[in-house]
Amino acid sequence: MVDEGPRSRRGGVETSLRTSAVWESVRAVVDEREHQLGRSLRVVDLGGGTGGLAVPLALLGHHVTVIDPSLDALASLSRRASDSGVAERIVAVQGDAANLLDVHPDADADLVCCHGVLEFVDDPAATLRSIAAVLDEGGFVSLVVATRISAVLARALAGQFAQAQHALTSDDGRWGPADPLPRRFDAAGVTALVEGAGLAVHDSHGVRIFSDLVPPSYVDSDADRAALLELEHTASRHPHYAFLGHIGAALHVLARRS
């Protein structure tokens, strides 16, 4: 059975099995906000690493500040931005969630991306309050977090039933001491964190519902990959079967500062 860990899949941000659904939703709110404001957006990508999201946003004409603790990742980001011709629209800053307000003290961000970060911070609630503090009025935050149920399913399907039980019942959603993630989330918990930071949930959907469980040999062709992406999209948005989104490996939440 396929392991629950991340796997490299071909394609850019629009077609990758790992990023397509997230990018589609982010692009929608970015386009909406740009239309409302009549200008390019100011984006903060917290933990943005090598620019997998920042560069595509900059290619759309937006200005992105990437905050990441890794100097190596930021160096790769700078090279990537230069190669893509968007270096003038990307600023790389060494920092992390704990000092977000120090490195970005202004409340002027139209969008803050926080993907795969809340799992590792010391205090997710404090991190979300800091994110809310750097948002301009009407600004969005895009959160992507690992889900508890995906770990339960992956461990059970791998025959690790005690680990699945632990992930299901533990406070932090971990399956044991060797689990590489410090915590995982449930949808209700993320909603509570978001609302506790003074933000309102705009959209919430599961991502990678099937793709992390499908053997790589099943998606060797572009046609197979496109079909799986379509299935993922339909499952996460179907009016009668939206509950399938809850078994996704990750949860994507878009929230807004009123």
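Values quoted throughout were computed directly from the atomic coordinates according to the rules given, and no laboratory measurement underlies them. This is a predicted model, so every value here is computed, not measured. Ideal geometry is used to build each Cβ from the backbone, glycine not excepted, and the neighbour counts take in all protein chains shown.
Order 27-38, 45-56, 156-167, 201-212 from most to least packed using the mean count of other Cβ atoms within 10 Å.
Ranked by mean Cβ neighbours within 10 Å, highest first: 45-56, 201-212, 156-167, 27-38.
Along its three principal axes, how long is segment 1-157 when you only count alpha carbons? Whole Å, largest extent first please.
Over segment 1-157, Cα extents along the principal axes are 48, 34, 33 Å.
Among the DSSP beta bridges whose two residues both lie in the chain, what percent are antiparallel, rounded to the nearest 5?
40
What's the FRET efficiency of SER170 with GLU88 using the Cβ-Cβ distance as r and R₀ = 45 Å, to the nearest 0.05?
My answer for the efficiency is 0.45.
Test of understanding: ordering THR15, THR191 by Cβ neighbours within 10 Å, fewest first, what list do you get?
Arranged by neighbour count, lowest to highest, THR15, THR191 become THR15, THR191.
Report the extension gain between LEU71 and ALA156 in nm, rounded to one decimal, defined as 0.36 nm multiplied by the number of residues separating them, less their alpha carbon distance.
26.8 nm
Output the peptides 222-232, 86-96 sorted from most to least packed, where packing is the average of other Cβ atoms within 10 Å over each peptide's residues.
86-96, 222-232
On each of the three principal axes of the Cα atoms of segment 66-194, give max minus min coordinate, whole Å, ordered largest first.
Per principal axis, max minus min of the Cα coordinates gives 51, 33, 21 Å.
What FRET efficiency comes out for the pair SER258/LEU37, r = Cβ-Cβ distance, R0 = 25 Å, nearest 0.05?
Between SER258 and LEU37 the formula returns 0.95.
Could you work out [θ]222 nm for the chain from helices alone, using -39500 (n - 2.57) per DSSP H run of at least four and dividing by all its residues? Round to the nearest 500 deg cm²/dmol.
Here the helix-only value at 222 nm equals -11500 deg cm²/dmol.
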